[in-house]
């Protein structure tokens, strides 16, 4: 599954940058803390990680700086996810 997402950064020092996962692509939870293992691809770069649900129920993909390159808060990225359901 593929979708476009607008990156956002949680405020504060050391805040992480996330790509929100649209509800229609949200996986069932397979691990504690509402996490699901995935193989993620952002703008052509793949890595193994997990998506998880925040307090509001929104599913988020954390996008590390080494993956997003020069992109940051407010930039659009192309995302594809492959869920590794257990």
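All of the numbers you see were taken from the coordinates with simple rules; none came from a lab. Predicted, not measured: the structure shown is a model, and the values here were computed from it. Here Cβ is always computed from backbone atoms with ideal geometry, including for glycine, and neighbour counts include all displayed protein chains.
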Need one number: nm distance between label points at residue 33 and residue 84, each 7 Å from Cα along Cα→Cβ, rounded to one decimal. 1.6
Output the peptides 35-41, 9-15 sorted from most to least packed, where packing is the average of other Cβ atoms within 10 Å over each peptide's residues. 35-41, 9-15
Just one of [x] 15.4, 53; [y] 12.1, 35; [z] 12.4, 43 is Rg and Dmax of the Cα atoms in Å as worked out from the coordinates here. Which one is it? [y]
Rounded to the nearest 500, what is the chain's calculated 222 nm mean residue ellipticity when only DSSP H runs of at least 4 contribute -39500 (n - 2.57) each, over all residues? -500 deg cm²/dmol
What full-extension length gain, to one decimal in nm, is calculated for residue 65 and residue 3 as 0.36 nm per residue of separation minus the Cα-Cα distance? 20.4 nm
Mean separation of Cα contacts under 8 Å, 6 or more apart, over the residue count of the chain: relative contact order %: 41
